[in-house]
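The values are calculated or read from the model by the stated rules, or taken from the named source; none is laboratory data. Computed from a predicted structure; not experimentally measured. Reconstructed Cβ throughout: ideal geometry from the backbone, glycine too, with neighbour counts over all protein chains shown. Surface areas here come from the heavy atoms of the whole protein model, side chains and all, with no ligands, DNA or RNA. Shrake-Rupley method; radii C 1.70, N 1.55, O 1.52, S 1.80 Å.
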Amino acid sequence: MLVKVQEQAEKFDMSIPEVRLRVPGAITELLASINSKVKEKPTTHTFLDHQTDEKESLKITESKEKDKNYQSSDGGDGGDPLPAAVIVATATINSDSPPEKTKEEEEEEEEEKKLAKKIKAKRESSMASHDEQLVMLTKKLIEIRTILMSIDQNDTLKLPSIVVIGSQSSGKSSVLEAIVGHEFLPKGADMVTRRPIELTLIHTPGVKEEYGEFPQLGLGKIRDFKEIQKTLVDLNRSVPDFMCVSDEPIELRVYSPHVPDLTLIDLPGYIQTTSNNQPESLKTKIEELCFSYIREPNIILAVCAANVDLANSPALRASRKADPLGLRTIGVVTKLDLVAPEVGTAILRNADYPLHLGYIGVVCKAPKHTEGNMTGALIRNEEAFFRHHLMYNQRDIHVGTSTLRFKLMSVLEQSMGKSLYSIVDAVQRELEEARYQFKVQYNDRRVTAESYVAETMDALKHNFKDFASHFGKPQVRHEVRSMLEQRILDICAEQYWSDPKIAELPKATTDDIYWLYKIDLASAALTKSGIGRSTTQLVVDILMKNMERLANSEPFTLHPTTRTQIMNFTSEVLRSRFLTTSDQVENTIKPYKYEVEVTDSEWADGVKRSIALLEREIEMCDKMAANIRSTIGKKKLKSAINYVLENERRQDQEKRLSETSGLSIVEEESDPDAPAIRPLYNPRLVEKAKEALFLRDRAMILKYRLAALKSRQCKSVDNKEYCPEAFLNVIAEKLTYTAVMFIQVELLNEFFFQFPREVDDRLVYQMNRKQILEFARENPPIRKHLELQERKMKLEEVMEKLNYLMRRQADRQAKPKQGSQVP
């Protein structure tokens, strides 16, 4: 029986008409004192409790919108009608004590109380469930919006946001800070908000930590909201003064257990006039920027100050242009404490400038020296203010920051819900296109930034290994020997070939001190010329040149920073081994600086190498001379050579004449009026003629020395002073062998061992996730591949979330229908 009564009571809906009675003043004072004591008790409200209370008040308000304000019969101020509890209290005081109840009546009354508690608990559970669904839906849609913003900025993939507009002195920053619970927005007398701030609030239940993030900057979690404020100030100051405003948004996410799930966009405040240091077009720029954001489907939060006539509100004027019917505009009236309650209530009733979503009044003043989140203290101050002014407690008046927070959540959820089906279609189309392009262009082949980095570094190490296998002792020996052979030619040309007595060398005696001194001088010039440092530097230069070739090959041409890093640590490794290697080489060749022992086989090999060296030099001289003749012409070159020879002969005669007479030749003063004597030949032609003469003379002396090396005189090592070219070549071979041996051990082996490990340490293991992504995106084909792959993956994630929400929406809509069909 009790169950049936309970079920009928749940389905039964009865509205009792309001009864308005006059109550004696003593009873009114008694009830007021009791009510004040109850209100003074400390209460703690969670964010969900505020949502539930405000939702209930909104429901009551919507059901009573058509009721008129009650005016008391004695002409006092209008207020809420006295509740039925007052009537019962009055009747209880004026009547005698009630008769005693029977046991059956007490049991029946107890059953009724239990039934009432069950009904109340079920209603509260239903309301809490609805609120949880509301929070969940809004949170999911905000997550989807964040993902879509990271994919594309076109209007087809955008969910609505709440755009906050108002004049600079309207108090919109205070409203946003009251919603967040912290002071974090830029403040100042000058224009401090120069860029749109896209603020995403993320409710984190069960977590005490509050922090903000700037996704564009990658600064991580910022727990100090003063630091967030400083960062916002710096980002806004980055806009040049001649621009004043920029349409490049600043993304900020705030995570807190005290904030609702909302997406808000704070825009620069409207101005009436510009100052001297501001461009005249600033007012127009701000209006155009705001208008681009308040278009559909965004929700407009028009912030107006109560002490300013609504007719002069720039926010309302702008919202009327973008939303003529006021269907998606919420009016927020700030600074209600600066006007009389009668004026404030008149504004909030929106009789003059009606908005479909209505007006909400706030007094965003938190107590000073508030530590932590100021939401609770601010709401308590507001409640105290509105309790003190009873005119704000009427049913058709909406006030309070908590009311505004829940209103924003409700409107955003409804707006996003309306956009749900259209955004599903748009995402589905974009996803199908992304899948098609990924299939056509890359055959569904996935790639990651990490795999690209690994492949690139492996290719570098493979190329380096290939170079190392082809640059060993034989190659180093060839390079060192070539350098020393060139030095032999230079020494012979300086010490022997330019000596006028060179023709007397084959006929000189073995004890001729002149030529003995010459051979010792030539040997010292070769062994004491810093062989250790020069040979080591030669190999280092070859290594650096080849490493530069590897670093400039594909794909490192697309990675300039990495190319620089490769060259830097290559230079570091080689520089760290340079001094040790050069000192070792110099120490090992020290005996050759004093005495060189030469065997017969070494001498024979030295003679052969010297003959080959001179033959190559003669061939080079002939080739260069032939090139000059083909360039200038044989006859012209011959004439120029004769001119040079005649000129040199004339200069020699003048020199000898001056030496024999002891007099200096004084040039006659030239007449300035006399015509200039034009030279017979072009100076460039004269230089070519001198070069041809040098090559001819060098080829002649080389042929002469080649014949000497092939003679019987140079067959024996005992005649080394007659064959300096062969003796120096033998010394160069000994120096080459010794130098290469230590260069291989001290320099090459260490470098070939260390370089691949430096690649791993500096270019692979030390790179973080961000650097790896930047490295991969430097390659245009890889960047395109990654972007398309990432777009496809994000669209698939969004589609999965949207399908989940669609199923939840369908389930919510199906439950009332199933309940109505149950008899």
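Can you tell me the order of 142-149, 532-539, 277-284 when each peptide is scored by its average per-residue count of other Cβ atoms within 10 angstrom, highest first? Before the final figure, lay out the partial values.
On the way: 142-149: 19.4, 532-539: 20.9, 277-284: 12.9.
By packing density, highest mean first, the sequence is 532-539, 142-149, 277-284.
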> For residue 528 and residue 454, what is the calculated FRET efficiency with R₀ set at 45 Å and r taken between the beta-carbons, to the nearest 0.05?
Replying inline: 0.30
> Of the listed peptides 799-806, 373-380, 224-231, what is their order by residue-averaged count of other C-beta atoms within 10 Å, with the highest listed first?
Replying inline: 373-380, 224-231, 799-806
> What accessible area per residue comes out for the stretch 507-629, rounded to a whole number of Å², with a 1.4 Å probe?
Replying inline: 54 Å²
>> Residue by residue through the stretch 390-401, what is 3J(HN,Hα) from phi via Karplus (6.51 cos²θ - 1.76 cosθ + 1.60, θ = phi - 60°)? Round to whole Hz and write x for glycine and proline.
In response: 5, 5, 7, 9, 7, 5, 8, 10, 10, 9, x, 5
> Once phi is turned into ³J(HN,Hα) by the Karplus curve 6.51 cos²θ - 1.76 cosθ + 1.60 with θ = phi - 60°, what whole-Hz value does each residue of the stretch 794-809 show in order, with x for glycine and proline?
Replying inline: 5, 5, 5, 5, 5, 5, 5, 5, 5, 4, 4, 5, 4, 5, 5, 5
>> Starting from the 7 Å offset along Cα-to-Cβ, what nm value, one decimal, do you get for the label separation of residue 429 and residue 761?
In response: 5.6 nm
>> Less than 18 Å from a label point 7 Å out along the Cα-to-Cβ axis of residue 463: which backbone N atoms in the stretch 729-752 qualify, by residue?
In response: 752
> Taking 0.36 nm per intervening residue step and subtracting the Cα-Cα distance, what contour gain separates residue 209 from residue 443 on full extension?
Replying inline: 79.7 nm
> So how do 741, 416, 767 rank on accessible area, 1.4 Å probe, biggest first, that is with the largest at the start?
Replying inline: 741, 767, 416
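Consider all pairwise Cα distances in the stretch 494-590 and report the whole-number % of them above 20 Å. Numbers along the way, then the final one.
Values: 2809 of 4656 pairs.
More than 20 Å apart: 60 percent of the Cα pairs in the stretch 494-590.
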>> List residues of the stretch 689-719, by number, whose backbone nitrogen lies under 20 Å from a label position 7 Å along Cα→C-beta of residue 651.
In response: 689-698
> Quick one: Karplus J couplings for the stretch 322-327, per residue in order, coefficients 6.51, -1.76, 1.60, θ = phi - 60°, nearest Hz, x for Gly and Pro?
Replying inline: 7, 9, x, 8, x, 7
> What dipole magnitude, in Debye to the nearest 20, does the stretch 694-744 give about its Cα centre under +1 on Lys/Arg Cβ and -1 on Asp/Glu Cβ?
Replying inline: 260 debye
> Can you pull the percent of the stretch 336-481's accessible area that's carbon plus sulfur, 1.4 Å probe, other chains left in place?
Replying inline: 51 percent
> Residue separation times 0.36 nm, minus the C-alpha to C-alpha distance between residue 508 and residue 576: what's the value?
Replying inline: 19.4 nm
> Taking the mean number of other Cβ atoms within 10 Å as a proxy for protection, how do you rank 201-207, 497-503 from highest to lowest?
Replying inline: 201-207, 497-503
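Could you compute the FRET efficiency for residue 565 and residue 473, with r as their C-beta to C-beta distance and R0 at 25 Å, rounded to 0.05?
On the way: r = 30 Å, r/R0 = 1.19.
For residue 565 and residue 473, the calculated efficiency is 0.25.
In this model, which of 418/792; 473/710; 770/801; 335/368; 187/230; 139/794 are farther than 19 Å apart at the alpha-carbon? Write out the running numbers ahead of the final one.
Numbers: 418/792 25 Å; 473/710 31 Å; 770/801 27 Å; 335/368 17 Å; 187/230 10 Å; 139/794 17 Å.
Beyond 19 Å between Cα atoms: 418/792; 473/710; 770/801.
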>> Take residue 285 and residue 690, extend 7 Å from each Cα along the Cα→Cβ direction, and tell me the distance between the two endpoints in nm.
In response: 6.6 nm
> What figure in square angstrom, to the nearest 10, would you give for the accessible area of residue 421 with a 1.4 Å probe?
Replying inline: 120 Å²
> Where in the stretch 296-327 is the amide nitrogen less than 12 Å from a point lying 7 Å along the Cα-to-Cβ axis of residue 389?
Replying inline: 306-307
>> Positive end of the dipole of the stretch 174-288, charges at C-beta (+1 Lys, Arg; -1 Asp, Glu), about the Cα centre: which of 269, 259, 207 has its Cα farthest in that direction?
In response: 207
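Given a 1.4 Å probe and every protein chain left where it sits, what share in percent of the accessible area of the stretch 167-248 is carbon and sulfur?
On the way: 1960 of 3870 Å².
Its accessible area is 51 percent carbon and sulfur atoms.
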